[in-house]
Amino acid sequence: MKRQMILIAVVMLSIALAGLMVIQGYWIRSSYNVSQANFIRTVNEASLEVIMDLEKIDLVKRLEQGGDLDIQSQGIITRSDSINKILLQEMRSISTRKDLEIFFNKFFLARELMEDRMFSMDDRIYHTKVDIRVLDSLLKVEFEDRNMATDWVFAVYNPYHSELVMQGDNEYQEELLDSKISFHFELFPDDMNAHPDFLLLYFPDERDYLIGQVWPLVAVSIVLIVIIILSFTYTLIIFFRQRRLSELKTDFINNMTHEFKTPVSTISLACEALNDKDIQKSEELYRSYINIISEENRRLGIMAERILQSARLEKGDLQLNKEMTDIHEVLDEVIRNMGIQIEIKDGQIIKDFQATNCLVEADRMHVVNVVQNLMDNANLYTPVKPQIVIATRDEDGGIIFSVQDNGIGISKTDQKKIFDKLYRVPEGNIHNFKGFGLGLSYVKTVVEQHGGWIRLESELKKGTKFEVFLPRNLQK
């Protein structure tokens, strides 16, 4: 898939995910608004039920008290009617503007007197009608019946008297008086009262209560969105890994084809030369061509063995036949085999064997392959005059040997991937340096199977150093 198509797919999936999150947020907000509306309706219903219960209780009290307050109210009304009749008679006798002014003064004086009497009566009724403890009990019952599990405070307020009666401390006095955040209900709405009392209700944890109502939906939405994001991210990671693996396999096939093509072509040319009747044959010529065929055949066998080793490692079928192995002997053997290749490039191998105990319990064949791979890489990635230092030193419980070169070095980024299977340091042209990208992966696996470790130190254009630790594991 082309990079542009991948980018378009990622953008479209991101837009779809963002749209899903917006829609989910809208539904959560709508659910919150519905919960808020239900909350307001429940508070209104409960409060109106409490007000009706208060009116019933007040009616019972009036009947029990024999109607004393009603007699007082009736007396006030009778006096008011008498005053109104007198004022009406005086109004009919008005003839001048001065008489009109005198009438208005009497009228306002009489009205003020009657209002004072009514307000005094209201004050007596107020104190006899509202019992804070009864009101508290009624509110508790109604809220519990409606499963309103949240804290609340209430007060009785008379705007005319500016009197606020609360149960407990006055912590939420300002909130109760603010009609924007609290609930206000008129008490005894059926009474003929010019200045009625109001029931004030405030819920300090209203927001938390409403969020709690929609929290299951929010939690499920968050979990689903996180799952979608993780799945989307995981899919992208797997896609790019598979793409990278496909590129590595293609690179491996191309390199393998190139590596096998050279010895096959050499063997083919040698065979053609031996079969060519026009070429004069001699014992020395036969021996030379046979040696070439033998050497290229050996090279083919080594490459085939590396591929088979990689397959065995991938399946986990690596079997170690451990025996007493002299690391110095292994290093000397590989140095002898690699000597000619180093000399061809006008280089040299420097030995620095400092280990006093060089015996380990290991699979000799695999250890030889490990050293061979490390020295191959040192020679391969040092294009001109390689200076390869092979060193050993004692370490607690084992031995450390190192292979150091003065080659092109490895960047910090590539160092993290250098032991991955099929990975090769990118150099543009895949045939700049021969190899399959299997060597270091094989080396790391073999060393770890022996209970050891491998690490590297490298800097671009200054060279690379691989250190390998192998435990002795000698049986006593």
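Convex hull of alpha carbon positions in region 344-415: directionally averaged projected area 6.0 nm².
Work out the charge dipole of region 152-247 with +1 on the Cβ of Lys and Arg and -1 on the Cβ of Asp and Glu about the Cα centre, then indicate which of VAL214, VAL156, LEU200 is farthest towards its positive end. Going by the charge dipole, the pick is VAL214. Rolled with a 1.4 Å probe across the full set of protein chains, the surface gives ASP208 an accessible area near 100 Å².
Under the convention that each Lys and Arg Cβ holds +1 and each Asp and Glu Cβ holds -1, the size of the dipole of region 373-417 around its Cα centre is about 280 debye. Cross-linked pairs LYS417/LYS461; LYS345/LYS465; LYS385/LYS416: Cα-Cα separations exceed 24 Å for LYS385/LYS416. Summing charges over neighbours of ILE390, with a neighbour being any other residue whose Cβ is under 10 Å away from its Cβ, gives -1 when K and R count +1 and D and E count -1. Can you tally the net charge around ILE211? Count Lys and Arg as +1, Asp and Glu as -1, for every other residue whose Cβ sits under 12 Å from the Cβ of ILE211. Computed value for this residue: -1. Of the listed residues SER288, SER411, the order by accessible area with a 1.4 Å probe, largest first, is SER288, SER411. Full extension of the chain between ILE227 and ILE132 yields a length gain of 28.9 nm, computed as 0.36 nm times the residue separation minus the alpha carbon distance. Ordering GLU459, GLU343 by accessible surface, largest first, gives GLU343, GLU459; the 1.4 Å probe counts only protein heavy atoms, with every chain in place. What net charge do the residues around ALA46 carry, taking every other residue with its C-beta under 12 Å from that of ALA46, with Lys and Arg at +1 and Asp and Glu at -1? Net charge in that neighbourhood comes out at -3. Surface calculation, 1.4 Å probe, protein heavy atoms: PHE240 sits at approximately 90 Å² accessible. Put ILE399, ILE28 in order of accessible area, highest first, and with a 1.4 Å probe you get ILE28, ILE399. At q = 0.15, 0.19, 0.30 Å⁻¹, what is the base-10 log of I(q)/I(0) for region 316-376 according to the Debye formula with one equal point scatterer per Cα and no solvent? Please give it to two decimals. Summing over Cα pairs of region 316-376 leads to -0.52, -0.77, -1.30.
Database remark: amide H of GLU186 closer than 5 angstrom to the amide H of LEU199 (H placed geometrically; neighbours at sequence offset of 5 or more, or on other chains; Pro and chain starts carry no H).
The values are calculated or read from the model by the stated rules, or taken from the named source; none is laboratory data. Since the structure is predicted, the reported quantities are computational estimates derived from the model, not experimental observations. Note that each Cβ is placed from the backbone with ideal geometry, even for glycine, and that neighbours are counted across all protein chains shown. Just so you know, the surface numbers come from the protein's heavy atoms only, side chains and all, with ligands and any DNA or RNA stripped out. Shrake-Rupley method; radii C 1.70, N 1.55, O 1.52, S 1.80 Å.
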